[in-house]
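The values are calculated or read from the model by the stated rules, or taken from the named source; none is laboratory data. Keep in mind the model is a prediction, meaning the values are calculated, not measured. Backbone-built Cβ (ideal geometry, glycine too); neighbour counts: all protein chains shown. Note: accessible area is taken over every heavy atom of the protein model, side chains too, but ligands, DNA and RNA are not part of it. Shrake-Rupley method; radii C 1.70, N 1.55, O 1.52, S 1.80 Å.
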Amino acid sequence: MNGQWNPRKWEDDGTFHLGINMAGAVSAGAYTAGVLDFLTEALEQWYAAKATANPAVPMHDISIDVFSGASAGGMCAAIASVMLQGEFEHIRNPADPSVVNTNNRFYESWVNKIDIEWLLQQRDLADGAPVISLLDSTIIDQIADYALTPDPATQRPYVSDSLTLFLTLTNVRGTPYSLNGDAAGSAEEDTAYYGDKLQFETVPGLGAPPLAPSAKPLPLSTNNEGMNAGAWPLLKDAAKATGAFPLFLAPRTIDRSAKDYYYSPWEPVSDTSPARVRPHWPLKESDIFTTLNVDGGVTDNDPFQLAHDYLAIHNPNATVNKKTGELANPPDPDKANCAVLTVAPFPADFLFDPKYDFAKNSSVFGMLPNLFTALISQSRFLGESLAAVMSGSSYSRFVLAPSDSGLPDKEALQCGLLSAFGGFFERGFRAHDYQLGQRNCQKLLRDHFRLAIANPIIDAGLNKLDAATRASVMADFASTDAKGLTTLPIIPLCGTALPEVPKPVRATISTARVNQVLDWAVNRLHAVTTPLLESLLGTGFKDLVARETVDALISNVGKAKLKILLEKELKEVISD
């Protein structure tokens with residue numbers, strides 16, 4: 001936040017305001033991408049139906065105001081902010097490997113272009129470049145160039161003119177702040193701020209300022225002028241940074257304005273008058289502060305609160321909790337005028353374990369995964385207001401998580417294999433999850449994403465219809481829930497979005513493919529191990545015998561261990 005500002009409140013014009021929050025997902029970004037593909041198709045088809053001569057559909061309006069995202073969810077959010085400015089085709093059969101070279105950047109990025117073959121290459125090590133990640137991140141750069149270079153804009157009536165995007169980051173360089181200020185004679189005590197974020201906002205054209213003082217401008221244009229200017233290049237860097245899974249993918253440097261850190265960057269979005277707190281450094285506000293960033297999910301893996309607070313500060317009907325000072329949007333089905341829809345490929349499922357194994361979890365190899373789990377789980381906890389989570393049902397907060405009712409005893413996502421890296425191993429896994437995202441989104445819109453007919457927004461839309469048409473709309477779209485409440489969908493299903501999305505067929509991975517991945521992995525291990533050990537041991541590792549020993553261990557012991565691991569983790573999906 002860069003100083004005080006007065007957010008413009010919404011008008012009471014029969015518009016439901018929507019924020020979409022996308023949690024971390026690793027390779028299951030394919031699921032989130034499928035959700036966004038179908039959501040956009042549903043909006044397109046509904047608005048096309050509303051524009052016909054004699055529309056027989058609900059006539060209220062919707063406005064997508066804000067995206068928030070972390071890690072793979074942040075990458076999806078960034079792609080969405082580009083794609084929603086133009087036209088693209090929707091994917092009918094993701095599992096068909098011949099469906100390639102489409103203009104759907106969700107699908108091409110998450111199903112066709114990303115793959116373990118490219119992540120295990122050695123292009124990042126060309127010309128003696130140092131090892132900065134276990135995987136080759138060159139393909140991430142290529143996908144970002146493809147997916148995050150905007151085309152000339154085409155206005156969509158359901159997208160806000162000032163569409164806002166929040167991406168969480170983890171700045172491992174840290175920003176220093178003094179804990180004792182200028183107290184004379186006291187010992188100096190500094191701390192560092194690591195949890196970070198970037199805010200973007202679409203603006204009418206090059207040079208136009210964003211409405212929010214902390215936002216970076218994304219200029220729109222009907223031609224190519226300015227479409228690679230403003231903060232579009234920064235968005236590309238931020239998307240790669242939020243998805244930079246620690247150690248496995250390359251960390252990213254981002255040049256930030258030092259001013260970004262002068263106004264309590266840890267304060268919530270709802271604080272429109274943040275205190276000015278100068279970092280403990282010699283930089284002026286006009287200087288550049290270069291940050292080093294890894295996965296935003298390390299510090300905030302589920303940035304629900306960013307989207308929620310953004311909606312709340314613009315909402316004239318938001319209320320303030322007198323005890324906590326937190327803003328809240330109306331939660332009741334007959335009063336809700338906005339909502340955050342969270343796409344959570346891996347919702348929290350932690351349960352109390354009465355037989356917790358202290359000996360196993362206290363060991364070195366037991367503690368390492370525990371520490372990683374603790375970091376991610378704690379960041380998810382911080383991503384949502386606990387009061388909002390525990391308050392029961394709310395029509396201002398919806399969560400979409402993977403579900404496959406036909407396979408209750410299996411994990412719904414195939415990309416969840418191998419600690420969520422499994423989708424990179426087989427295109428079929430990514431295609432399955434993409435289609436599951438489409439199918440789950442359709443069910444959410446049809447059965448759950450609804451408001452009471454007494455809601456002023458829904459009622460205003462119905463009042464645009466004559467009595468006969470209104471009765472027809474109620475017959476086609478209304479339903480009654482278990483509590484006897486009559487509701488209409490917030491986003492009605494029309495046209496091509498109406499037929500049921502087919503249930504995806506679960507994919508398999510061939511033994512030959514697993515062996516191929518093993519060979520790529522061993523080659524990558526050879527390529528990164530030698531320079532890593534040389535940097536650690538210096539000249540001591542340059543002895544030829546030592547190198548040959550390490551190479552033999554990788555080729556024999558390492559490959560055998562890795563093969564056992566892959567066969568164990570993939571045993572239910574391996575085919576001959």
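Only a single criterion out of (1) assigned to a strand (DSSP E or B); (2) under 27 Å from the mean Cα position of the chain (by Cα); (3) not charged (D, E, K, R) is not satisfied by residue 149, namely (1).
Can you find even one residue in segment 137-151 that is surrounded by fewer than 19 Cβ atoms within 10 Å (Cβ to Cβ) and over 18 Å from residue 240 (Cβ atoms)? Among the residues of segment 137-151, at least one is surrounded by fewer than 19 Cβ atoms within 10 Å (Cβ to Cβ) and over 18 Å from residue 240 (Cβ atoms), which makes the answer yes.
To keep it simple, each residue is scored yes or no on (1) farther than 30 Å from residue 575 by Cβ; (2) modelled with pLDDT of 95 or more.
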{"residue": "450", "(1), (2)": "yes, yes"}
{"residue": "455", "(1), (2)": "yes, yes"}
{"residue": "465", "(1), (2)": "yes, yes"}
{"residue": "473", "(1), (2)": "yes, yes"}
{"residue": "477", "(1), (2)": "yes, yes"}
{"residue": "483", "(1), (2)": "yes, no"}
{"residue": "492", "(1), (2)": "yes, yes"}
{"residue": "501", "(1), (2)": "no, yes"}
{"residue": "529", "(1), (2)": "yes, no"}
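Residue count for segment 546-576, restricted to those that are in a helix (DSSP H, G or I), in contact (Cβ under 8 Å) with a residue 12 or more places away in the chain, farther than 24 Å from residue 534 by Cα and open to solvent by 60 Å² or more (accessible area, probe 1.4 Å): 3. Looking only at segment 102-119, decide whether some residue is touching a Lys or Arg at 6+ places or on another chain (Cβ under 9 Å) and of a type in the set (S, T, N, Q). Yes: one or more hits.
What do you reckon, is residue 290 of a type in the set (Ser, Thr, Tyr), modelled with pLDDT of 95 or more, crowded, with 21+ Cβ neighbours inside 10 Å and closer than 28 Å to residue 123 by Cβ? Taking the combined requirement at face value, the residue does not satisfy it.
Among the candidates 444, 465, 451, the residue that is touching a residue at least 24 places away in the same chain (Cβ under 8 Å) and open to solvent by 20 Å² or more (accessible area, probe 1.4 Å) is uniquely 465. When residues in segment 64-118 are screened for being more than 16 Å from residue 241 (Cβ to Cβ), part of a helix (DSSP H, G or I), in contact (Cβ under 8 Å) with a residue 40 or more places away in the chain and in contact with a helix residue (DSSP H, G or I) (Cβ under 6 Å, 6 or more places away or on another chain), 8 of them pass. Is there any pair linking a residue in segment 259-287 that is on the phi > 0 side of the Ramachandran plot to one that is open to solvent by 30 Å² or more (accessible area, probe 1.4 Å) and not hydrophobic (A, V, I, L, M, F, W, C), with Cβ under 8 Å and at least six apart or on different chains, and which? These pairs meet every condition: 264/271; 264/276. Out of curiosity, is residue 212 of a type outside the set (Ser, Thr, Tyr), surrounded by fewer than 18 Cβ atoms within 10 Å (Cβ to Cβ) and either in a loop (DSSP other than H, G, I, E, B) or at pLDDT below 95 (or both)? For residue 212, the condition - of a type outside the set (Ser, Thr, Tyr), surrounded by fewer than 18 Cβ atoms within 10 Å (Cβ to Cβ) and either in a loop (DSSP other than H, G, I, E, B) or at pLDDT below 95 (or both) - is not met. In segment 481-499, the residue that is most open to solvent (accessible area, probe 1.4 Å) out of those that are free of Cβ contacts under 8 Å to residues at least 60 places away in the same chain, farther than 20 Å from residue 471 by Cα and not small (Gly, Ala, Ser) is 483. Per the listing 40, 15, the residue uniquely farther than 30 Å from residue 417 by Cβ and modelled with pLDDT of 95 or more is 15. Within segment 64-86, can one find any residue that is under 17 Å from residue 157 (Cβ atoms) and surrounded by fewer than 19 Cβ atoms within 10 Å (Cβ to Cβ)? Yes, segment 64-86 has at least one match.
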